Structure formats: C-alpha cells, structure tokens
Amino acid sequence: MTPPPEDLPRQYARTRRFTAGAVTGLALDSTGRYAMFNRDRSLWAVDAQRGRAQRIGPADGYSTALARVCLQTAEGVSVTNLETGERIDLPIGAVDAARIDPTATVIAFAQRGALEIVGIDGSNRRTVAKPDGEAVRWGVPEFAAALSMERESAIWWSPSGAQLLVACVDESRVELRYLADPTHPDASPKGIRYPRAGTLNAHVTLSLIALDGSQLEVEWDNVEFEYLVQATWTTDKPLFAVQSRDQRRVQLLEADPATGRACRLPRSGPCRRPGSLSWRRPNRPRLSSTSTTTNCVRSPRNRASTTDSLPKAPCCSIAAP
C-alpha cells in the first residue's frame with residue numbers, strides 16, 4: 001500500500017524550509033581555482049584543477065581570498081589554506097563578523113562593538129575603531145539592513161587591502177523593548193533595540209579606516225537618505241547606495257578616499273527590488289554584488305555580501321520598491 005503523502009508542514013520542517021542539500025552562496029576564490037558554496041549548514045570548496053569537492057566545516061559566515069578561507073562559527077574564527085589543508089584557529093573568541101583582506105594577510109573583525117584587525121596567523125592584534133557609547137557598534141549591519149534589505153555585511157576591504165570601508169551603527173535612539181524567557185521565569189527580561197514601523201531607526205555612518213587606525217568619515221546626507229543599502233569598492237574608491245525612508249529614492253555615491261566626500265553618480269535602468277545593486281558597461285559582462293573576488297556569506301540565508309573590484313566609471317542600476 002502506498003503511504004499517504006506527507007503534508008506540507010512536515011515537508012517544510014524535514015527539509016529545513018526546502019533548503020536541505022541545496023547549494024547556496026556560490027562564490028569563486030580570487031585565484032579562480034576554487035568555488036565556494038554552502039550546503040547543509042557547512043562550507044564546501046570545489047577544486048577546479050583536481051575536480052573534487054571538500055567539506056571545510058560548519059559555517060556561520062566566511063570570506064575568501066588567494067586560496068585562504070576565513071571561517072566564522074559560534075565558537076570563533078579560523079583560517080584554512082585550501083591548497084595545503086592547514087587550518088589555524090585564531091585566539092580571538094567569538095565575533096560578530098570577520099572578513100579576510102584581498103591580500104590574505106589580515107582579518108578585520110567586529111567584537112563587542114569595536115573593530116579590530118589581526119594577522120591570519122593570530123599575531124599583531126589591534127583595535128582600529130572603538131564605540132563611543134553602549135548602543136554603538138562597528139562592523140555589523142543594523143536591524144533594517146540585515147532583515148529587510150538583506151545586507152549582511154558592514155565591512156568592505158579595499159582591493160589593495162590598505163583601507164577598510166566600515167559602517168558604524170548607533171542604536172541609542174531606537175526603542176528599547178523587553179523580552180522575557182518563559183523557560184527561566186526567575187530571570188530579568190532582556191532588553192533589545194527594535195525599530196517598530198514608524199519609529200526612529202538606527203543612525204548609520206560610514207568611515208574609511210586605515211590599518212594604523214586613522215579614520216575618515218564619509219560624508220553624505222544620512223538624514224534624508226538614512227538607509228545604507230549596499231557598498232563595495234571600485235578599483236580605488238568606495239561605492240555605495242543609499243535610500244530614503246519612504247524607499248522611493250535611491251542614490252549611488254562614490255567617495256573620495258582622501259577627503260571622505262561623496263559625489264552622486266548617474267542612475268540608469270529600471271528599479272527592481274530592495275538591496276540589489278549592480279553595475280553595467282556597454283558590451284561587458286554584468287558585475288553584481290554576487291560576482292566577486294572576496295565573498296562573505298552568513299547563514300541561515302547564506303547570501304553573499306561582497307567586496308568587488310569594479311570598473312572605475314560604471315553606469316548603475318539600483319533597486320527600489
């Protein structure tokens with residue numbers, strides 16, 4: 001007798017929302033030899049020369065450059081050499097975000113609100129940006145960006161590895177809500193910053209940070225355009241898109257790394273969806289936020305948040321609802 005068909009809720013649970021076994025977050029290493037992807041909550045790498053795949057390990061997030069993979073889990077951060085298989089566990093503990101630089105020598109990471117850098121061997125750890133308040137965090141996306149715009153990165157390395165473009169989030173004006181844990185009724189409710197519809201969002205700024213800790217704030221009208229949709233680098237300048245609160249206006253801006261001043265670039269093409277950002281030049285392949293030399297993917301969605309090397313004077317096509 002044929003068993004009765006499995007109902008949708010059970011299928012949904014058994015397949016983890018129809019994601020079990022599916023390949024997501026596909027990205028190429030900058031050497032072109034390795035293809036990285038997530039499957040079943042683990043990071044995999046395919047060696048194009050040898051034609052074989054290897055499981056790197058569980059991953060909450062990763063970034064890759066020059067056959068090195070910076071792997072982020074709940075326990076901490078490690079660096080794996082894809083050519084030799086050597087793995088180094090960095091002595092930095094759990095972090096909120098970690099990004100390896102394009103030269104595969106330094107890792108930038110966000111921890112306890114600060115932004116720090118450390119060598120891929122765990123040496124020369126130093127803080128390059130400190131929070132100036134309890135509700136201030138460097139290098140992590142705010143609630144609206146992560147949940148609504150699908151931007152899961154707030155650290156973008158320059159192609160040379162000499163500078164970082166970093167978002168700083170100040171949530172002090174966001175409403176504080178309290179959640180109780182029903183499994184521990186004796187514990188005090190936990191306070192979280194949650195921007196309800198119509199209330200104030202977090203204040204987001206961008207800064208250019210050198211490896212010696214020197215900072216330069218990027219200037220744009222973040223009152224009129226309070227949403228930072230996406231960011232990346234051209235060959236030598238930061239490029240980022242901002243959006244108005246009503247989500248009807250989007251600007252593509254290019255920042256001068258010497259002065260921090262941002263100028264508006266022309267926009268072309270129809271609007272599509274929040275969070276997407278792509279550049280096109282005539283008779284050239286499309287470069288988007290998922291085709292990169294350095295890719296960072298965070299689960300459970302496993303979407304890529306990237307640092308790209310793009311043409312210097314691109315046209316753009318930006319999404320808005």
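Observations, loosely collected:
- Restricting region 146-167 to residues that are under 10 Å from the mean Cα position of the chain (by Cα) and over 14 Å from residue 209 (Cα atoms), the residue that is surrounded by the most Cβ atoms within 10 Å (Cβ to Cβ) is 153.
- Scanning region 171-221 for residues being aromatic (Phe, Trp, Tyr) and surrounded by fewer than 13 Cβ atoms within 10 Å (Cβ to Cβ) gives a total of 1.
- Matching option when the condition is in contact (Cβ under 8 Å) with a residue 60 or more places away in the chain and acidic (Asp, Glu), among 181, 221, 186, 236: 236
- Residue among 119, 133 that is modelled with pLDDT of 95 or more and more than 19 Å from the chain's Cα centre (by Cα): 119
- Residue ID - modelled with the highest pLDDT, chosen from residues in region 17-39 that are basic (Lys, Arg) and farther than 16 Å from residue 60 by Cα: 33
- Residue in region 42-62 that is under 19 Å from the mean Cα position of the chain (by Cα) and β-branched (Val, Ile, Thr) present: no
- Residue in region 48-63 that is at pLDDT 95 or above, surrounded by 15 or more Cβ atoms within 10 Å (Cβ to Cβ) and not in a strand (DSSP E or B) present: no
- Within region 194-232, the residues that satisfy the criterion of being under 18 Å from residue 152 (Cβ atoms), part of a strand (DSSP E or B) and not hydroxyl-bearing (Ser, Thr, Tyr) are 204, 206, 228, 229, 230, 231.
- Residues (of a type in the set (S, T, N, Q), at pLDDT below 90 and within 20 Å of the chain's Cα centre (by Cα)) located in region 243-280: 276, 278
- Residue in region 110-119 that is part of a loop (DSSP other than H, G, I, E, B), in contact (Cβ under 8 Å) with a residue 60 or more places away in the chain, under 16 Å from residue 209 (Cβ atoms) and out of contact with any helix residue (DSSP H, G or I) (no Cβ under 7 Å at 6 or more places or on another chain) present: no
- Enumeration of residues in region 64-87 that are surrounded by 14 or more Cβ atoms within 10 Å (Cβ to Cβ), on the phi < 0 side of the Ramachandran plot and small (Gly, Ala, Ser): 65, 78
- Residues of region 68-85 that are closer than 17 Å to residue 29 by Cα and part of a loop (DSSP other than H, G, I, E, B): 82, 83, 84, 85.
Table: residues versus (1) charged (D, E, K, R); (2) part of a strand (DSSP E or B); (3) in contact (Cβ under 8 Å) with a residue 12 or more places away in the chain.
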| residue | (1), (2), (3) |
| --- | --- |
| 98 | no, yes, yes |
| 128 | no, yes, yes |
| 144 | no, no, yes |
| 152 | yes, no, yes |
| 161 | no, no, yes |
| 177 | yes, yes, yes |
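- Some residue of region 91-103 being under 15 Å from the mean Cα position of the chain (by Cα), of a type in the set (D, E, K, R), surrounded by 21 or more Cβ atoms within 10 Å (Cβ to Cβ) and within 19 Å of residue 59 (Cα to Cα): yes
- Any hit, region 2-10, residues being among the acidic types (Asp, Glu), under 27 Å from residue 151 (Cβ atoms) and assigned to a loop (DSSP other than H, G, I, E, B): no
The values are calculated or read from the model by the stated rules, or taken from the named source; none is laboratory data. The shown structure was predicted, so the numbers you read here are calculated from the model rather than taken from an experiment. Note that we place each Cβ from the backbone using ideal geometry, even for glycine, and neighbour counts take in every protein chain shown.
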